[in-house]
1. Just need the relative contact order of the chain here, percent rounded to a whole number, with Cα pairs under 8 Å and 6+ apart.
2. Starting from the Cα of ASN413, step 7 Å along the direction of its Cβ; do the same at GLU258; then give the gap between the two resulting points in nm.
3. Name the residue farthest towards the positive end of the dipole of the chain from the options LEU12, GLN106, PRO45, assuming +1 on Cβ of Lys and Arg, -1 on Cβ of Asp and Glu, about the Cα centre.
4. Using only Cα atoms, locate the centre of the range 15-90 and the centre of the range 376-417, then give the distance between them in Å, rounded to an integer.
5. Rounded, prolate or oblate, given the Cα gyration tensor of the range 229-324, with a/c below 1.5 counting as rounded?
6. If the chain between LYS68 and LYS211 were fully stretched, how many nm would it gain, using 0.36 nm times the residue separation less the Cα-Cα distance?
7. Wrap a convex hull around the Cα atoms of the range 50-169, take a quarter of its surface area, and give that in square nanometres.
8. Using the Cα gyration tensor of the range 22-228, with a ≥ b ≥ c the square roots of its eigenvalues, what is the shape: rounded (a/c below 1.5), prolate (a/b larger than b/c) or oblate (neither)?
Amino acid sequence: MKKLLIRKSSPLKGIIEVSGSKNSALPIMAASLLLNDKCLLKNIPNLADVNSMINLLESLGAKINKKKSYITINCSNLKNHKAEYNLVKKMRASILVLGPLLSRNQNAIVSLPGGCAIGTRPINYHLYGLKKLGAKISIKDGYVIAKAPNGLRGNTIELPRVSVGATENLLLASILAKGKTVIKNAAKEPEVQDLCNFLNMMGANIKGIGKKNIIIKGVKKLKSVKYSIIPDRIEAGTFIVGALITKGKLRINNIIIEHLQTPLKVLKKMGAKIKIQKNYIIVDGKNSKLVSSKIKTKPYPGFPTDLQAQFMCLFSLIKGKSYIEESVFENRFMHVSELNRLGAKIFVKNQNCKIEGVEKLIGAQIMASDLRASVSLVLAGLVANGETQIDRIYHLDRGYEKIENKLNPCGANIKRID
Ligand code: UD1
């Protein structure tokens, strides 16, 4: 298994490019199952999760051509409607093929994705919504078996809680359904908006994008398009923290500023010197005198849970007490014990954390537990005295495009070892 060996880095300096969004790429790739033709997707990040989605779509009969910065997907000849466990288990987002497969084939069998380190993560809202659209659903031998012999029919679905994945699955199921679907209490995340924009470009009729209620009028057919995925706001946020924590100066390119409005507001209030331009920002960590803070993760436009671990690492090195409340996932503090091994002072009680700032962290051997947790450990490794070794970095590779290739040219000292 690969590990990362990180030595204390000099302040990060230079220019960094943000890749395409993983959480946009995955549902958009799943959406190609609705199209009886070829589509071309640009700005696709080169990640383990994207490869998992490629393998899954190919197992269903898609023809995929992957180049450096774009892929073409042709789903005109699907041969299979079963998503096998060995492919689904690698990535929870695989469940997003359920809606489009069912819509296209009137039949879909998709393995249950199971739990993961950050919580039980059930799919009950996905299934509740699909039933409202007329699907008959049963669970057998760890698989969801969904049938809609007369096709899906539009309906009003009120989600009990905001869910990104359920909103996306139901959008995908309703595009070609007969009549009107209203998804109430829908997720407003930029990645959900990106999926809607892609679908509308293909000829779907979606209104209320980025609003609480999304309205979909079923259409008969979609058409082939070229589409460019939005930049990854979480990767961008991670680099912002990187510049601040190392007291460096980074220009971070390829950003949609609006997508980062809440984290940027928090950082400005803390005293971060950040110059915002049209599609890039310059973070001046050296001249930022940061004070402690308090955040609560919430669905968009609230503070993203996917940046919680990175901010916790930053808070660990700021004088005074900072507080984090995690309200999206029930078990997303796995990084706490590892950060504490490096000398951080973080105390967890249920969904809340108190972080007492320390003067320095000290390198040690630590373990990545999930995707975002692992990048917070990389950030910690950049500033910890001595050497930090991070095991189980396959979690990191699921969501970050060879992070050392982006950070090392800016002054980091990260090595990948066996
Ligand atoms: C997506 C993102 C993930 C991000 C999360 C929240 C992708 C591939 N992943 O995950 O990076 O952290 O949104 O922004 O886009 N829930 C249920 N039942 C359901 C569905 C969800 O109880 O049927 C719960 C979850 O356990 C969680 C909460 O609702 O506590 C929100 O989860 P959800 O928004 O669905 O997250 P994902 O789509 O899995």
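1. Working: 1010 pairs, mean separation 87.0, N = 418.
RCO, the chain: 21 percent.
2. 4.3
3. GLN106
4. Going from one Cα centre to the other spans 26 Å.
5. Working: a/c = 1.83, a/b = 1.15, b/c = 1.59.
Cα axes put the range 229-324 in the oblate bin.
6. Working: separation 143, 0.36 × 143 = 51.48 nm, distance 3.41 nm.
My answer for the length gained is 48.1 nm.
7. Result: a mean projected hull area of 8.3 nm².
8. The shape class here is rounded.
No lab work stands behind these numbers, since they all come straight from the coordinates. Owing to the predicted nature of the structure, the values given are computational and were not obtained by experimental measurement. Ideal geometry is used to build each Cβ from the backbone, glycine not excepted, and the neighbour counts take in all protein chains shown.
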